[in-house]
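For reference, the structure is listed below as structure tokens.
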Amino acid sequence: KVVCPATPEDAKGLLVTAIEDPNPVLYFEHKHLYRRIKGDVPEERYTVPFGQARVHREGDDAVVVTWGAMVHTATEAADQLAGEGAEVEVLDLRTLIPWDKQKVLESVRRTSKVLVLHEDTRTGGFGGQIAATIDEEAFEDLDPPVMRVAPPDTPVPFSPPLEKAFIPQTEDVLTALRDLAA
């Protein structure tokens, strides 16, 4: 199982689920979320089930399928587009294995436009699996083809300025969403 929380609340609930799971779980916390995202976390013990995506932002014009820190990048872009009259849904997968294929396909069928956003390289990244599944199972529901925003096929740089240039930024998502809408 592979877990990628985007919010403090999900981080706690998914961690408890991972601890209780008798099988191996890879739990990835993005270092940028430590400084970027704040939120209330319930005191009581709770779990967040694996394989259940959550709508981070509602919208009917397009959907961005993403996870981890990219949820917040997508939300920033969607908020800016709302000022232009476009309502973009941001779907947070929360877990990659298992992933909520059903919820992704429901969003694609409702909006007819999808952008897959991830931090892994374009070639071999998990976003390709999502795009292929959408193409195989919801092709007739798409207006334009599935779009992807991902870093180039290069090693991840260590230098903070180079890392920022490597990782998709809000402007990259805005450009892709505007192209998708056109």
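The values are calculated or read from the model by the stated rules, or taken from the named source; none is laboratory data. Keep in mind that what you see is a predicted model, and the values were worked out from it rather than measured. Cβ: placed from backbone, ideal geometry, glycine included. Neighbour counts: every protein chain shown. In case anyone asks, the SASA skips ligands and DNA or RNA and just uses the protein heavy atoms, side chains included. Shrake-Rupley method; radii C 1.70, N 1.55, O 1.52, S 1.80 Å.
How long is the gain from V16 to E136 if the chain were fully straight, where each residue apart is worth 0.36 nm and the alpha carbon distance is subtracted? Length gained, V16 through E136: 39.8 nm.
Basic side chains Lys and Arg get +1 at the Cβ, acidic Asp and Glu get -1 at the Cβ, and with that the dipole of the chain about its Cα centre reaches some 520 debye.
Extending 7 Å from Cα along the Cβ direction at R178 and again at I37 yields two label points whose distance is 2.7 nm.
Residue by residue, the stretch 150-160 carries 3J(HN,Hα) couplings of 8, x, x, 7, 9, x, 6, x, 8, 5, x Hz when phi is fed to the Karplus relation 6.51 cos²θ - 1.76 cosθ + 1.60 (θ = phi - 60°); x denotes Gly or Pro. Taking the DSSP bridge list for the stretch 62-159 and keeping only pairs wholly inside it, about 0 percent are antiparallel.
For the pair the stretch 1-38 / the stretch 53-90, the C-alpha centres are spaced 21 Å from each other.
Amide H contacts of V149 (H built 1.01 Å from N, in plane; Pro and chain starts excluded): V116, L117, H118 sit under 5 Å, all sequence-distant by 5 or more or on other chains.
With coordinates expressed along the principal axes, the C-alpha atoms belonging to the stretch 1-83 extend over 45, 24, 23 Å, beginning with the largest. Distances between placed amide hydrogens fall under 5 Å for R57 paired with V90, all partners being 5 or more residues away or on another chain. Just checking the listed ones, L162, L105, L33: in the Gaussian network model of the chain with Cα springs under 10 Å, the one fluctuating most is L162. Using a cutoff of 8 angstrom between alpha carbon atoms and counting only pairs six or more residues apart, the relative contact order for the chain works out to 21 percent.
Dimensions of the chain along the principal axes, based on C-alpha atoms and rounded to the nearest Å, stand at 45, 38, 33, largest first.
Compute the Cα gyration tensor for the stretch 65-161, then decide on rounded, prolate or oblate, letting a ≥ b ≥ c be the square roots of its eigenvalues: rounded whenever a/c is under 1.5, prolate when a/b is larger than b/c in the other cases, and oblate in all that remain. Oblate shape, in that a/c is at least 1.5 and b/c is the bigger or equal ratio.
Think of it as helices only: each DSSP H run of n ≥ 4 in the chain is worth -39500 (n - 2.57), and spread over all residues that comes to -12500 deg cm²/dmol at 222 nm.
Only Lys, Arg, Asp and Glu carry charge here, each on its Cβ (+1 for the first two, -1 for the last two); on that basis the stretch 1-98 has a dipole of about 540 debye about its Cα centre.
Summarising the strand pairing of the stretch 1-149, around 30 percent of its internal DSSP beta bridges are antiparallel.
Taking all protein chains into account, the per residue accessible area for the chain stands at 52 Å² (1.4 Å probe). Note on K103: lysines with a C-alpha under 19 Å away, same-chain residues under 8 apart excluded, are K1, K113. Within the accessible area of the stretch 16-161, the carbon and sulfur atoms contribute 52%, probe 1.4 Å, all protein chains present.
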